[in-house]
Amino acid sequence: MNNFSIRRFSTSPSSCVPTNSNSVKSSTLGILGGRIRDVIPVPHRTIPEPRGQDLDFVNVAHSHLIHSDWEKLNALSTHLTPFRVKHMLLKVQKDYVLSLEFFNWIKTQNPCSLTLDTYSMIMHILTKYRKFKSAESILRSIYVPGSIDFPSKLFEATLYSYRLCDSSPRVFDMLFKCYAHMKKFRNATDTFCQMKNYGFLPTVESCNAYLSSLLDSDRSDIALAFYREMKRHRISPNVFSFNMVMSAYGKLGKLEKGIEVFRGMEKMGVGHNVASYNTLIAGYCNKGLLELALKLKNSMGKNEVHPNVVTFNALICGFCKEGKLHEANKLFSEMKAVNVSPNTVTYNTLINGYSQMGNSEVGGSLYEEMARNEVKADVLTYNALILGLCKEGQCVRRNSDRAFQLYKIMVRSGCHPNEHTFRMLISTFCKNEDFDGALLVLEEMIERAIPPDLSILSEIYDRLCLCGKDELAMKLCSKMEARCLMPEGFDKMRTSAQDQINENKVIEKL
């Protein structure tokens, strides 16, 4: 049995064999929740044969359809009914291209004649011929966000038309996988449970799609619970499943569990790929276990797996975080020596590492190398370069001007500065007591609708007031209030600061 087959439970609790819809027995046993229980037989619903005007319409419309006479079909569109649409689809179901063309034509000519039953029928036709993307597109088009009963009603319609369309279990797999892709986790879980009730199991590929969406949404706990459910129902995980399970354990800080999974893969006859190694290497690096990470990287060749850019990026990042730039640079040289091209992440990590140490010169050299190698810089690149100028010993006026020039280059290159960019720039100008420069950056923030930090805004406001630029300070505040960018708590701080300034003026006069 290959991984893509969708299974119905067999009569033996110790094995699962694939069967088609025609071989479903009235009472089958499956393993659900670790227990043997009866599987509900798939119902067999029929629809009445067309008679009279319905029969005439179906025959005439079918003749026009198979001859692609859309002009004559257009004249009949107002007479479409759900009943007639169902019979038309049944007559052309062996030609999925024609079925889809007809279905799309109905959507434009008479969408009111489409019901959940007709939608389920076209999904049966498409999935039977493995046209999953088309089927998924249709499901997405009819999905009703926030509807509690839509998924269960659609499953029911699909179930009752299953035998009528001589369908394949792939249709239920598509439902589950589509909800997984859409990150509709409750719908995916409910569909999985309903599938089990009728003896169907999703493919490992669809289970992987669900695991991936859960991890993307930082739901590692649910991903691991679902993995246990997969094992309980004997859905054999593949290398991608194991990699995601290791990633889930890593995100939860359970590195030891991830190592167990890595070691257990070969016992289950599943070889490691580069992502398997990368996942565990990243886990070691996150824990600061850099020597173990290096040892694992060096063992990859024994299994004919070669490090890629992700491998080196994880290691370089790990050493940079520990301030071990010499080791990080050795890895950088090694990756180039083995023809693994550094990418934006590689350069950003190194530039940030050197910038954290106040070495803007090496950061600048790496930036120039990026340009020579046509590696595109992004906002993180420029932020790292600006950071280097800010941290380079005593922050002098020349560095704040250079930082602002970098900001201008960033904007010209099409990168959008973020809040961190502006905070660093304003901080640089404030440290140099260049409040005109800080004010210039603040104006840029306001134009981009980015709210300033409370402490930085307060410092600029106080300095403007102390320099006798009260009107400019008030104008700045009015502009931020008009754009709803005023940080919470500033009004109270501004009143207190203004009282202090007035008091100082009175003392000066005395």
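The values are calculated or read from the model by the stated rules, or taken from the named source; none is laboratory data. Note that the structure is a prediction, hence the values are computed from the model and not measured. Quick reminder, even Gly has a Cβ in these numbers, built from the backbone with ideal geometry, and neighbours come from all protein chains shown. These area figures cover heavy atoms from the full protein model, side chains too; ligands, DNA and RNA do not enter into them. Shrake-Rupley method; radii C 1.70, N 1.55, O 1.52, S 1.80 Å.
Here is a list of conditions, (1) loosely packed, with under 12 Cβ neighbours inside 10 Å; (2) hydroxyl-bearing (Ser, Thr, Tyr); (3) modelled with pLDDT of 95 or more, and Ser26 meets all of them except one; can you say which number that is?
The failed condition is (3).
Taking only pairs six or more apart or across chains, which ones have beta-carbon atoms under 8 Å, a first residue in segment 140-164 that is over 23 Å from Leu90 (Cα atoms) and open to solvent by less than 40 Å² (accessible area, probe 1.4 Å), and a second residue that is among the hydroxyl-bearing types (Ser, Thr, Tyr) and at pLDDT 95 or above?
Partner pairs satisfying both residue conditions: Pro151/Tyr179; Pro151/Thr191.
So in segment 264-298, with the set limited to residues that are modelled with pLDDT under 95 and of a type in the set (D, E, K, R), which one is farthest from Lys321 (Cα to Cα)?
Residue satisfying both the conditions and the ranking: Lys267.
Could you give me the residue pairs with C-beta distances under 9 Å whose first residue belongs to segment 284-302 and is at positive phi, whose second residue is in a helix (DSSP H, G or I) wherever it lies, and which are 6+ apart or on separate chains?
Gly288/Gly318; Gly288/Lys321
Out of curiosity, is Lys94 among the charged types (D, E, K, R), open to solvent by 30 Å² or more (accessible area, probe 1.4 Å) and in a loop (DSSP other than H, G, I, E, B)?
yes
Being open to solvent by less than 40 Å² (accessible area, probe 1.4 Å), within 22 Å of Tyr179 (Cβ to Cβ) and of a type in the set (Gly, Ala, Ser) is true for just one of Ser247, Ser212. Which residue is that? Break it down stepwise before answering.
Numbers: Ser212 fails: open to solvent by less than 40 Å² (accessible area, probe 1.4 Å).
It is Ser247.
Got at least one residue in segment 62-72 being among the β-branched types (Val, Ile, Thr), surrounded by 15 or more Cβ atoms within 10 Å (Cβ to Cβ) and part of a helix (DSSP H, G or I)?
For segment 62-72, residues among the β-branched types (Val, Ile, Thr), surrounded by 15 or more Cβ atoms within 10 Å (Cβ to Cβ) and part of a helix (DSSP H, G or I): absent.
Restricting the first residue to segment 183-199 and requiring it to be closer than 15 Å to Glu156 by Cα and in contact (Cβ under 8 Å) with a residue 12 or more places away in the chain, which pairs with a second residue that is of a type in the set (Ser, Thr, Tyr) and in a helix (DSSP H, G or I) meet a Cβ separation below 7 Å and a spacing of at least six or different chains?
Hits for this filter: Asn187/Tyr179; Ala188/Tyr179; Ala188/Tyr210; Asp190/Ser152; Thr191/Tyr179.
Return the total of residues in segment 400-432 being surrounded by 16 or more Cβ atoms within 10 Å (Cβ to Cβ) and part of a loop (DSSP other than H, G, I, E, B).
3
Tell me whether segment 228-242 contains one or more residues that are open to solvent by 50 Å² or more (accessible area, probe 1.4 Å), more than 20 Å from Pro342 (Cα to Cα) and touching a Cys at 6+ places or on another chain (Cβ under 8 Å).
For segment 228-242, residues open to solvent by 50 Å² or more (accessible area, probe 1.4 Å), more than 20 Å from Pro342 (Cα to Cα) and touching a Cys at 6+ places or on another chain (Cβ under 8 Å): present.
Confirm whether Leu201 is touching a Pro at 6+ places or on another chain (Cβ under 9 Å) and either hydroxyl-bearing (Ser, Thr, Tyr) or open to solvent by less than 20 Å² (accessible area, probe 1.4 Å) (or both).
Against the criterion (touching a Pro at 6+ places or on another chain (Cβ under 9 Å) and either hydroxyl-bearing (Ser, Thr, Tyr) or open to solvent by less than 20 Å² (accessible area, probe 1.4 Å) (or both)), Leu201 qualifies.
Can you name the residue in segment 303-313 that is open to solvent by 30 Å² or more (accessible area, probe 1.4 Å) and touching a residue at least 12 places away in the same chain (Cβ under 8 Å) and, of all such residues, is farthest from Asn343 (Cα to Cα)?
Among those that are open to solvent by 30 Å² or more (accessible area, probe 1.4 Å) and touching a residue at least 12 places away in the same chain (Cβ under 8 Å), it is Asn303.
Against the conditions (1) under 30 Å from the mean Cα position of the chain (by Cα); (2) at negative phi, where does Ala449 fall short? Just the number, please.
Against the list (1) under 30 Å from the mean Cα position of the chain (by Cα); (2) at negative phi, Ala449 comes up short only on (2).
Which is surrounded by 13 or more Cβ atoms within 10 Å (Cβ to Cβ) and closer than 21 Å to Ile47 by Cα, of Phe103, Phe132?
Phe103
Test of understanding: among Met357, Met335, which residue is under 21 Å from Asn286 (Cα atoms) and more than 31 Å from the chain's Cα centre (by Cα)?
Just one listed residue meets the conditions, Met357.
Do the conditions hold for Gly388, that is, is it in a helix (DSSP H, G or I), farther than 22 Å from Leu442 by Cβ and open to solvent by less than 30 Å² (accessible area, probe 1.4 Å)?
yes
Six or more apart or on different chains, Cβ atoms under 9 Å: show the pairs whose first residue is in segment 419-442 and touching a residue at least 40 places away in the same chain (Cβ under 8 Å) and within 19 Å of Val379 (Cβ to Cβ) and whose second is surrounded by 20 or more Cβ atoms within 10 Å (Cβ to Cβ) and among the small types (Gly, Ala, Ser).
Pairs found: Met424/Ala403; Thr428/Ser400; Thr428/Ala403; Thr428/Gly437; Thr428/Ala438.
Just to confirm my filter: which helices (runs of 4 or more DSSP H) fall fully inside segment 433-510 and include at least 3 residues that are within 27 Å of Cys390 (Cα to Cα) and either at pLDDT 75 or above or open to solvent by less than 40 Å² (accessible area, probe 1.4 Å) (or both)?
The qualifying helices (runs of 4 or more DSSP H) are 435-447, 454-466, 470-482.
Inspect segment 175-188 for any residue being surrounded by fewer than 20 Cβ atoms within 10 Å (Cβ to Cβ), more than 18 Å from the chain's Cα centre (by Cα) and in a helix (DSSP H, G or I) and give the result as yes or no. Reasoning before the result, please.
Quick first cut of segment 175-188, residues surrounded by fewer than 20 Cβ atoms within 10 Å (Cβ to Cβ) only: 181-186.
After this cut, where a residue has to be more than 18 Å from the chain's Cα centre (by Cα) as well, the list is none.
No: segment 175-188 contains no residue that is surrounded by fewer than 20 Cβ atoms within 10 Å (Cβ to Cβ), more than 18 Å from the chain's Cα centre (by Cα) and in a helix (DSSP H, G or I).
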